[in-house]
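The values are calculated or read from the model by the stated rules, or taken from the named source; none is laboratory data. The structure presented is a predicted model; accordingly, all values stated were derived computationally and were not measured. Cβ sites come from the backbone with ideal geometry, for glycine too, and all protein chains shown count toward neighbours. Accessible surface is based on the protein model in full, side chains and every heavy atom, while ligands, DNA and RNA are left aside. Shrake-Rupley method; radii C 1.70, N 1.55, O 1.52, S 1.80 Å.
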Amino acid sequence: MAHKLTVQELEEFAANFNEKPQNQVVARAAQKSGVLTAAYNERVQGELTRVFSTELDTENVTNQRQSGRCWEFATLNILRHNFGKKYHCKNFTFSQSYNFFWDKIERANIFYDNILDTADEPLDSRTVKAHLDGAGEDGGQFHMGAALIEKYGVVPSYAMPESFNTNNTNGFAKALGDKLKKDALVLRKLKQAGKDDEIEKARKHFLSEVYQMTAIAVGEPPKKFDLEYRDDDKKYHLDKDLTPLEFLHKYMGDVDFNDYVVLSNAPDHEYDKLYGLPFEDNVEGSYRIKFLNVPMEYLETAAVNQLKDGEAVWFGNDVGEQSDRKKGYLDSDLYQLSELFGVDLKMSKADRLRTGAGASTHAMTLVGVDEDGGHVRQWKVENSWGEKNGDKGFFVMNNDWFKDYVYEVVVHKKYLTPEQVAIAEGPITDLPAWDSLA
């Protein structure tokens, strides 16, 4: 039922506001410094310490700069911590550019598959529009990184260093996205006409062009390289003429991504169920993007246990909420906006997901936890925003923020219950591209 605002109502609203003298005081503070500064809870600084009862041996951080590659950085950070622990070289880093290159080729290939599969749907259908909107984008999930690593291996950062277009992906993403959308119109027309032979010829030509564009923007990936580094004791190591897959299997062959499960906490979905996001699969015939949805306590317990065993934890979260990027604080009471405005702004996690107010927008790495009598107080977080944010790149997160704004953790299946392992290995319920878990 429509409602037209009246002059009398507006005058009543103004009277209600002005009858409270404190509103003018709060308004002056908010208008002068901004609502976030005015709502900032200074007590957080005394409550979030940087001492942890369990802490991995870490030092340097990586920097994704102006790109959406957090998922890739976090996945490679898990691998580099494994390498650092095993070979006593904690500051070793892998090339994110290398895996970024192959992601563009693989994602274009699967984009064409999706366009052909939906060629009988209208161009403005919700599914087709979702595929077109995602063309050329950077964002991703843990298993996307795992699929690229398993198929193409990894290389040290010096073997394929960052470039302008990997550090600042917008220009290339726009050009590639426009190219993919143009190709989509051609493929849809061929599919609708039943010209299967021409489809395969066109697809191969389009993929060759995607390769050309990516090679120009990023550079071609190395086929072989020499592994050369000094460990933490300054001992020199050299292993010559390795392929990326040889390097992976020789030095990190004990890492099997099949052993890892993405535990999600999406209370707007049914618990104890395995969900899939086929829209986000990036490598045909490789890992599916899937989540085992469970109550929050299972994410916390599994993450703590994995950290205590000396292994970092990939996690997906809503980093834009209640966070101080410069100081590196993640605390649910950091900005007291309800108190500032005198209006209850708090929502449940399920309601935030249902309405789009909450989402998993970023991936980082857990590298420490602080417990007191079995109760988690705070977590040490390795981000991929460089050393100028937080404490030399590391953030501290209280456990309320973990419960409120963490949506996924990636843990070894040994930390799951037998029932959860069975579900994780069972049938998948696929979700649409616009689902809240996407």
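At-a-glance table
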{"quantity": "Formal net charge of residues neighbouring residue 88 (Cβ-Cβ distance under 11 Å; K, R +1; D, E -1)", "calculated": "+2"}
{"quantity": "Cα-Cα over 19 Å, subset of 86/235; 326/349; 151/181; 326/380; 104/179", "calculated": "326/349; 151/181"}
{"quantity": "Rounded to the nearest 10 Å², the accessible area of residue 37 at probe 1.4 Å", "calculated": "90"}
{"quantity": "Within the chain, helix-based [θ] at 222 nm, where runs of 4 or more DSSP H residues each add -39,500 (n - 2.57), nearest 500", "calculated": "-13000 deg cm²/dmol"}
{"quantity": "Share of pairwise Cα separations in the stretch 68-255, more than 32 Å, in percent", "calculated": "25"}
{"quantity": "Accessible surface, 1.4 Å probe, highest first, among residues 78, 216, 115", "calculated": "216, 78, 115"}
{"quantity": "Packing-based order for 312-322, 5-15, 24-34, using average beta carbon neighbours within 10 Å, highest first", "calculated": "312-322, 24-34, 5-15"}
{"quantity": "Sorted peptide list for 298-311, 245-258, criterion being average Cβ within 10 angstrom, highest first", "calculated": "298-311, 245-258"}
{"quantity": "Average accessible area per residue (Å²) across the chain - probe 1.4 Å, nucleic acids and ligands excluded", "calculated": "49"}
{"quantity": "Residue 354 accessible area, assembled protein chains, probe 1.4 Å, Å²", "calculated": "150"}
{"quantity": "Solvent-accessible area of residue 70 with every protein chain in place, 1.4 Å probe, in Å² to the nearest 10", "calculated": "20"}
